[in-house]
Each structure stands twice: as C-alpha cells, then as structure tokens.
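Have a look at the structure below before the remarks.
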Amino acid sequence: MRKWFLALVFAAPLAAQAQAWPAKPIRWVVPYTGGGITDVVTRLVTQKMSAPLGQPIIVDNRPGANSILGSDLAAKAAPDGYTMLTVIAGYAANVTLYQGKLPFDPIKGLVPVSLAAIAPLIMTANSNLPVKDMKELIAYAKANPGKLNFGSSGIGAAAHLTTELFKQTVGVDMVHVPFKGTAPALTALIANDIQVLVDTPSSLMPHVRGGKIKALAMFSGRRLSAFPDVPIVPKREGRRSNPPPG
C-alpha cells in the first residue's frame, strides 16, 4: 500500500509590490470549513505572523467544491499582497479533474509562497461498525458491497482519492459522500450517516480518544510515536491483481 500524505501550501495572487508591506490588515482565505487541518494550521501560522508584521490577519473560511470556491476568490483578488490562501493536495487534483472548467487560472492567478505542513492520513470508522481493524473492514465491505458510505472533505480531496485508491487496491465497493470540509464529515461519521472517514490524525484522533469513533489504520510507512496504538495500513493486505473499475 503506497503512503498518502496531506500537504498544505500557502499561495497568494500574483503581485508586484511598489510600497512597504504590510500597511493594512491581511485577508487569509481558507477554502474549507473551520476545525479541519487546513483551518487549524492556518490559524496557528497567522497567530505567529501577525505580531511581527504589525497588522491583523483575518482568516476567511470559504468552503465549497473542494477548495475551488475559496481559491477562485483568492485568485481574483487584487494582486496587492493582502490576500493569502491555504490549499492542500486536493488543489492539485482539482486542476486535473476540472481541467478547462475551473473559474480561474491557477498558474496565472496564484503563486506558491511556502509549504506549511505535511501530515499522514488515518482511516476511522463509526463506533458501531462491527470491525476493529483494516482486515475486518475489508472482509465486512466485501460481504456487504455498496452498503458502506465513506465521507471526505470534498471531491478530489486527498482523503477522497486515498479512499478510492484503497477501494481499488483491496477490491471493495463503498459509496462516496462528499462534504464541504472535515468538520461536517466528522459529524456525519459520529451520527453513522457515513461509516468510514479518512482524514488527518489531528482532526480525528481527539474523537477516537473520546470514544466517539474508532481508528482502524494509519496511512504511513511506520507507526507514529504520537499514536503508537494505531497500526499502519498493511502493505499487501487484500491486494488484488485486477482492481475493479470505478
């Protein structure tokens, strides 16, 4: 099983600065709902940046279409250095999935600034799902094709693509239910509206420890010291030579 990680990148509208910067508050667009890793990392970084810059940084959550709505807003903002954007790996997928259909040109409208964070992904399940690890999930999904729903923070998100790859690799049929961010997907998982959710440990592990959901496996090359009780995804578990289409 290949490793999947979520990368957060800071970007901004292309700009040519002609005056001292910053001279006014900065708007920082987060194209997802509050509470997810994109929002949390952005707020941690902006808190550290605000004092040295001498200006407030206003975080503006604009969820929708797996970051397309927020990215469009940032890309079309005035190129004066006062609009920033945090995007994730799904942003690169958007350019491929919606090639020629995006409402903005990511190459002409935005410029990358810095890599902000890299995190592994973890697969979790509703507490009432009768499985305790990845092997049992695969067996259950194969015995109940099409009856399990898995969520994601949006179509083309890293969590979505990782779960789709997992489905094809092990040969199971689960139904994708996209949300506008991690927070609503997590709410649906706890309520059993979906049964499986892949996202970052920082977003999901507090709820695992609180007994609201359960962790099945980490998409990582080795166990993380912060979560030693969570196993990694077996490299060859359930692998099939001819993955099913879709």
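Brief remarks on what is shown
- Residue 161 accessible area, assembled protein chains, probe 1.4 Å, Å²: 60
- Stretched out straight at 0.36 nm per residue, the stretch from residue 78 to residue 144 would grow longer than its current Cα-Cα span by 18.6 nm.
- Phi-derived couplings, Karplus 6.51 cos²θ - 1.76 cosθ + 1.60 at θ = phi - 60°, listed residue by residue for the stretch 134-147: 5, 4, 6, 4, 4, 4, 5, 5, 5, 7, 9, x, x, 9 Hz, with x used for Gly and Pro.
- Counting heavy atoms of the protein chains alone, residue 110 has an accessible area of about 10 Å² for a 1.4 Å probe.
- Computed over protein heavy atoms with a 1.4 Å probe, the accessible surface of the stretch 155-194 works out to 34 Å² per residue.
- Residues whose amide H falls under 5 Å from that of residue 149, counting only those 5 or more places apart or on a different chain, are 175, 195, 196, with hydrogens built in the peptide plane.
- The accessible surface of the stretch 109-246, taken with every protein chain in place and a 1.4 Å probe, is 55 percent carbon and sulfur.
- The stretch 97-246, relative contact order [Cα under 8 Å, separation at least 6], %: 32
- Inter-probe distance in nm under a simple model that places probes 7 Å from Cα toward Cβ, at residue 223 and residue 193: 3.5
- Rounded, prolate or oblate (a/c below 1.5 giving rounded, otherwise prolate when a/b exceeds b/c) for the stretch 19-69 by Cα gyration tensor: oblate
- Principal semi-axes of the equivalent ellipsoid, √(5λ) from the alpha carbon gyration tensor of the stretch 109-246, are 22, 18, 17 Å from largest down.
The values are calculated or read from the model by the stated rules, or taken from the named source; none is laboratory data. In this text, all values refer to a predicted model and were calculated from it rather than measured experimentally. Cβ coordinates were reconstructed from backbone atoms using ideal geometry, including for glycine residues, and neighbour counts include every protein chain displayed. Heads up: the accessible areas ignore ligands, DNA and RNA and are worked out on the full protein's heavy atoms, side chains in. Shrake-Rupley method; radii C 1.70, N 1.55, O 1.52, S 1.80 Å.
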